[in-house]
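> Structure below; questions to follow.
Values quoted throughout were computed directly from the atomic coordinates according to the rules given, and no laboratory measurement underlies them. Note that this is a predicted model, so its numbers are computed, not measured. Heads up, the Cβs are rebuilt from the backbone with ideal geometry, glycines too, and the neighbour counts pull from every protein chain shown.
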Amino acid sequence: MLLALKTRLLPAKPVAAEPMVPTLAAAVALPLALARAMERVALASIGAVVALQALIRWRPDDFFFEPSYYFVHQDKWWVLLIAVVLLALSRLTPAALPRLSLDGVLERPERAAAILALLVFVASLASTYGVAQNYDLVRDEQMASFDTTVFMRGHLMAVVPPEWRDYAAALQPRFMVQVAGNTALGSSYLPGNAAFRALVATLLAPQFANPLLAALSVWLCFGLARVLWPARPDAAIVASLLLATSAQVLFMASTSFAMTGHMALTLAWLRLYLRGGALGAAGALAVGFVAMGWHQLAFHVFFAAPFVLHLWWGRRFRTALVYSFSYLAFAVFWTGYWSVLAAAAGVHLGGGFEGGSRFFFERFASLLGKFTLFDVATVALNLVRMLAWNNPILPALLVIAFACRRGLPLPLRLSMGGVVATLLVVLFVLPSQGHGWGYRYLHGYLGVLCLIGAYGWMEAFKPVAASDAATGRSRSMAPIAAICAFTLLVLLPAQASQVHTFINHHKGTYAAIAKARADIVIVDDRHLFYGEDFGRNDPFLRNKPLFLTLDRLEPALIDRLCARGLTVSFFDRTEGVALGALKIHDEALPDWRDGRRAHLLAVPCLVPLGVR
């Protein structure tokens, strides 16, 4: 019995679905499976919105952070609208759906996929400059651009002038490597994303990097579907279409976040793994090395781990050893990266920051100790956000795929193990993603989820699609076409406007204070949404004014600014709200920083914003 189970779990190669001979009864009944799935997703979505809204009202202090803010002001409205559309479409009978000609698409599906990839590149690049306004909203994005700038100038870390070394923590308050004596600035993120952006900048500009990776992801998703289901080019079109019409894909590709790269690397790794042989394994391991060092070590590890474990389970010991020892070596290298970086830059790590595996385990343990039951609701809010920023029909297709999971190709089942592992880890370690258009912690799996959605589509419409394949016409494409039309004509434009408006609040405020005529602007970020992220500086401190964060400044350091003849301005919630920034709380609560604020307001070199 155990041998039979192992044999079932170890197909030598993905097996193509055999066309089925349709019957009239099946052709009428099977599309109702999608209708039922759409109805269930819609009702479950409405229930989730009601429950989460009630929970936020009950415990507002626990939830008034990014996930609850986005849910209240953005996501719940999109989810409710999507639910209404799904319910309306679920009431249509199969006979009411129009037939669509697929002659040209099915004859040359590669051309259709290439067009989709090109459209994704153009749309996300246009969104980078138009919707997102080429503006790094939060610290994660800023650090990607920080490292890119450093690499583009031929440095590994940015040297800090002696007069600013005591202010290093206030100049760059988060996600920085601790360097002895503060002689240099370097981010605590791994370098892959920034290095790729710097590489792209040698020919184009850093802003082209994520649009290129998003387009590559669409093409890789199409190619994987062709490998998994070689007799079903229509499934490959569906998978790539689901990915290409995702608002999460388009708008995350408009940022500096590393997650678009994780999505492309995940799909590339899976394609090489399925190729098999020495070349396939070598390619997958090379991609795995890059993916582990893309920005955070863990994201790729969670994806690859089920595949490596399955190699051991399948008694493929030689291959399992190669992958296991390779990933162990990769982990040793990347956990020691900062020590190598510091040595190459000619500096020494300090302040207790030593890197290595001990640093990762201690950081993991410290985050794990903060878990509460309310973190479950935080992850639920993130998943609702993911629902709101992807193709609305995808969840219904996933429901059908999981109902028919016995026929789901093994690589996709193993990939789902990575999804589950990622969700469990973020639940206990880092439940709040902070900012992200969609759920960025699962962004790397979007291509895999679209492939699973394509499988669900085939299961729901198998007889109809098989019968229409000979004529090149398909009624089964009509629901996806209708949803994609709704997404492109309604959802994406409305969400683009929302993204633009949200970013504009922050960018407009920053643009105003960046014109201050003082030498230094000290930022008190309390009660402002992403207030700390107004304190941003060029790695080589070429911007004027320079920004310092109040909570990292001792009063004596403020006095030394005046002694150096520098003028200082102060930015806090009052100026922020007046300039259009979003505030978090209506009331100012007592805080230990009030003493520093009072000291700052009394220094002789203080001048109003905009006045020297």
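> How far, in nm, would the chain grow between residue 501 and residue 166 when pulled straight, counting 0.36 nm per residue and subtracting the alpha carbon separation?
Taking 0.36 nm per residue and subtracting the Cα distance, the gain is 116.9 nm.
> Could you work out how far apart the two model spin labels at residue 204 and residue 543 are, taking each label as a point 7 Å from the Cα in the direction of the beta carbon, and quote it in nm?
Roughly 2.5 nm, to one decimal.
> Same structure again: Enumerate the amide H contacts of residue 548 below 5 Å, restricted to partners 5 or more residues apart or on another chain; note that Pro and chain-start residues carry no placed amide H.
521, 522, 523
> Take each of the peptides 443-450, 542-549, 75-82, average the number of other beta-carbon atoms within 10 Å over its residues, and list them starting from the highest.
443-450, 75-82, 542-549
> Here's something else I'd like to know. Along the Cα-to-C-beta direction of residue 591, a point sits 7 Å from the Cα; which residues of segment 516-535 have their amide N less than 18 Å from that point?
Hits in segment 516-535 for residue 591 at 18 Å: 521-535.
> Still on this structure, please answer the following. Could you list 327, 129 in order of exposure, starting from the residue whose Cβ has the fewest other Cβ atoms within 10 Å?
Arranged by neighbour count, lowest to highest, 327, 129 become 129, 327.
> Once Rh is set to the Kirkwood radius over Cα pairs, what Stokes-Einstein translational diffusion coefficient, in µm²/s, holds for segment 295-355 at a temperature of 37 °C and a viscosity of 0.692 mPa s?
For these conditions, the coefficient is 244 µm²/s.
> Can I ask one more? Counting other beta carbons within 10 Å of each residue's own, what order do 379, 41 fall into, fewest first?
379, 41
> Suppose the chain between residue 155 and residue 554 were pulled fully straight at 0.36 nm per residue; how much longer would it get relative to their current alpha carbon spacing?
Contour length minus Cα-Cα distance gives 140.6 nm.
> Ranking request for peptides 507-519, 270-282: highest mean number of other beta-carbon atoms within 10 Å first, then the rest in descending order.
Those peptides, ordered most packed to least, come out 507-519, 270-282.
> If you split all Cα-Cα distances of segment 253-332 into 5 Å bins from zero, what percentages do you get per bin, shortest first?
Going out from 0 Å in 5 Å bins, segment 253-332 shows 3, 16, 27, 27, 16, 7, 3, 2, 0 percent.
> Could you list log10 I(q)/I(0) for segment 493-612 at q = 0.13, 0.16 Å⁻¹, which the Debye formula gives when each Cα is one point scatterer?
So the normalised log intensities work out to -0.52, -0.76.
> Label points 7 Å out from Cα along the Cβ direction at residue 489 and residue 44: separation in nm?
2.9
> Based on the mean of other Cβ atoms within 10 Å per residue, sort peptides 170-179, 113-122, 600-609 so the most packed one is first.
Answer by packing, highest mean first, reads 170-179, 113-122, 600-609.
> Within a 10 angstrom radius of the beta carbon, how do 523, 49 rank from fewest other beta carbons to most?
Fewest-to-most ranking of 523, 49: 49, 523.
> List the residues, sorted by chain then number, that are 5 or more residues from residue 176 or on another chain and whose placed amide H is less than 5 Å from its amide H.
So residue 176 has HN proximity to 188.
> To continue, here is another question. Once the convex hull of the C-alpha atoms of segment 107-230 is built, how many Å³ does it hold per residue, rounded to a whole number?
About 131 Å³ per residue, rounded to a whole number.
> Using the basic label-point model (7 angstrom from Cα toward the beta carbon), what is the residue 115 to residue 73 distance in nanometres?
Label-label distance for residue 115 and residue 73, simple model: 3.9 nm.
> Then there is this: Among 507/583; 76/370; 76/462, which pairs are too far apart, with a Cα-Cα distance over 25 Å?
76/370; 76/462
> About the Cα centre of segment 494-546, what is the dipole size in debye to 20, counting +1 per Lys and Arg Cβ and -1 per Asp and Glu Cβ, all else neutral?
240
> Using a Förster radius of 56 Å, what is the FRET efficiency between residue 325 and residue 607 based on their Cβ-Cβ separation? Nearest 0.05, please.
Step by step, r from the Cβ atoms, then E = 0.35.
> May I ask you to compute the full-extension gain from residue 81 to residue 348, defined as 0.36 nm times their residue separation minus their alpha-carbon distance, rounded to one decimal in nm?
90.7 nm
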